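Here is the structure we will look at.
The values are calculated or read from the model by the stated rules, or taken from the named source; none is laboratory data. Because the structure is predicted, anything quoted here is derived from the model rather than measured. Every residue, glycine as well, gets a Cβ built from its backbone with ideal geometry; the counts of neighbours run over all protein chains shown.
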Number of protein chains: 2
Amino acid sequence: MEIQALTFDVFGTVVDWRSSVAREAEALLAPKGHALDWGDFADGWRVRYAPAMAKVSRGERPFVILDDLHRENLVELLAERGVAGLSDVEIDELNLAWHRLDPWPDALEGLARLRRRFILATLSNGNVRLMVDMARRAGLPWDVILGAEVARSYKPQPEAYDAAARMLRLAPAECLMVAAHPSDLAAAAERGFRTAYVARPLEYGPERPARRPDPGTFDYQVESFIELAEALGA
Amino acid sequence: MEIQALTFDVFGTVVDWRSSVAREAEALLAPKGHALDWGDFADGWRVRYAPAMAKVSRGERPFVILDDLHRENLVELLAERGVAGLSDVEIDELNLAWHRLDPWPDALEGLARLRRRFILATLSNGNVRLMVDMARRAGLPWDVILGAEVARSYKPQPEAYDAAARMLRLAPAECLMVAAHPSDLAAAAERGFRTAYVARPLEYGPERPARRPDPGTFDYQVESFIELAEALGA
């Protein structure tokens with residue numbers, strides 16, 4: 001079975017959420033007199049992400065898209081950090097920070113090469129409109145936006161992966177999951193996907209380098225999308 | 001409310017299904033000694049499309065994607081036209097004719113212009129993989145593939161339109177449905193979409209020019225995507 005499509009985790013794998021969210025938060029809040037550690041603000045937002053999705057995945061609430069989870073988490077975070085007095089419109093605007101994330105430096109060149117040979121799909125927990133806005137702003141050349149909203153299941157639930165392969169009309173083994181997160185890749189492998197780990201050591205900031213998996217843990221382990229293109233002959 | 005996204009019907013509106021399917025059928029069947037009127041063969045395939053979807057829409061069978069409906073219809077059509085002896089693999093290959101449709105001459109230039117200003121989404125009854133293959137082959141610059149498979153409802157069912165607006169996080173009035181078919185536009189308008197009729201007089205072949213709606217029936221009525229871009233200031 002040859003690989004036909006690459007399915008991408010996006011936050012952290014394709015785009016640098018931490019420095020982008022920090023930038024967006026500072027741009028909106030600093031002029032209002034708030035002086036925070038903006039990287040830490042981004043971390044505080046991100047850390048609420050997995051527990052919020054887990055409530056959906058455990059069936060404790062109906063499926064809601066990530067934009068809505070992000071907003072609930074933002075309201076909590078603002079209270080925690082002592083940021084008061086924002087209007088609903090300002091909170092909405094800050095929530096869209098996640099639509100304006102910058103790609104890692106190798107992403108555009110690597111994706112352009114990979115797309116010559118493979119179907120490129122998002123398989124992110126981000127909702128459709130978030131992915132559309134991000135792609136239009138950054139120039140990400142997706143062929144199709146799949147993932148949580150389309151599957152109505154958040155990764156690492158099996159249905160998130162299964163729905164992507166089904167809509168691509170491919171056997172799971174014809175799909176290569178690309179992610180910087182071993183847990184995502186392990187869940188994809190469980191559903192029969194092939195796996196490519198891309199190291200993004202700066203995802204959590206310069207002081208918390210991500211730990212690399214042992215060699216041989218995944219089918220491919222590379223340092224960039226360009227190296228992935230080389231490895232796949234694209 | 002300003003228009004933010006254009007949602008496109010695809011078969012007949014963006015691509016010329018009739019001459020493309022005729023070409024694909026001839027390429028596969030003529031070398032096997034079949035001499036048919038290939039335009040008429042395409043028509044015979046297309047005419048089975050609406051009744052097959054209607055069975056799904058009436059709940060007489062669970063949702064199945066268009067590739068599967070096309071294949072069932074193809075098996076009937078081959079029998080009707082006296083084409084026997086094809087293998088399952090050959091029938092599958094011919095069924096993919098719908099993945100290899102050529103755009104109308106103005107489509108690529110018009111879409112490139114429209115995309116500078118608007119989100120471009122498919123809102124087709126074609127399934128996701130069909131849309132992906134067609135777009136990759138023809139160079140159609142979709143931002144996102146929506147439509148029947150994602151909504152699990154075929155147009156003109158309300159949910160097909162509602163799901164598209166919902167995933168785009170737009171009010172229906174911020175979406176402009178673009179189609180060559182008055183019935184599709186009328187159903188979209190019923191859900192609150194704005195409407196653009198694009199004349200495709202050759203859709204059913206040179207001898208059966210499509211009848212144009214009366215002036216003023218839809219919000220925009222144009223002769224090409226380029227004219228639509230002009231009308232929308234894109």
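At-a-glance table
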| item | result |
| --- | --- |
| So A:F41, is it at pLDDT 95 or above and outside any helix (DSSP H, G or I) | no |
| Region B:108-131 - residue that is under 13 Å from the mean Cα position of the chain (by Cα) and part of a helix (DSSP H, G or I) and, of those, nearest to the other protein chains (Cβ to nearest Cβ) | B:V128 |
| Top-ranked residue of region B:132-143 - restricted to ones that are in contact with a helix residue (DSSP H, G or I) (Cβ under 6 Å, 6 or more places away or on another chain) and closer than 30 Å to B:R211 by Cβ, ranked as nearest to the other protein chains (Cβ to nearest Cβ) | B:W142 |
| Helices (runs of 4 or more DSSP H) lying entirely in region B:144-229 (those with 2 or more residues that are within 14 Å of chain A (Cβ to nearest Cβ), more than 16 Å from the chain's Cα centre (by Cα) and surrounded by fewer than 22 Cβ atoms within 10 Å (Cβ to Cβ)) | B:158-167 |
| Those residues of region B:1-53 which are more than 12 Å from B:A97 (Cβ to Cβ) and of a type in the set (V, I, T), in sequence order | B:I3, B:T7, B:V10, B:T13, B:V14, B:V47 |
| Test: A:A79 is in a loop (DSSP other than H, G, I, E, B), among the hydrophobic types (A, V, I, L, M, F, W, C), loosely packed, with under 13 Cβ neighbours inside 10 Å and assigned by TED's automatic domain parsing to the domain that holds A:A30 | no |
| Check on B:P105, more than 21 Å from A:R129 (Cα to Cα), more than 13 Å from the chain's Cα centre (by Cα) and assigned to a loop (DSSP other than H, G, I, E, B) | yes |
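Here's the yes/no breakdown for (1) surrounded by fewer than 17 Cβ atoms within 10 Å (Cβ to Cβ); (2) of a type in the set (G, A, S):
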{"site": "A:M1", "(1), (2)": "yes, no"}
{"site": "A:F8", "(1), (2)": "no, no"}
{"site": "A:V14", "(1), (2)": "no, no"}
{"site": "A:S19", "(1), (2)": "no, yes"}
{"site": "A:E26", "(1), (2)": "no, no"}
{"site": "A:L29", "(1), (2)": "no, no"}
{"site": "A:D40", "(1), (2)": "yes, no"}
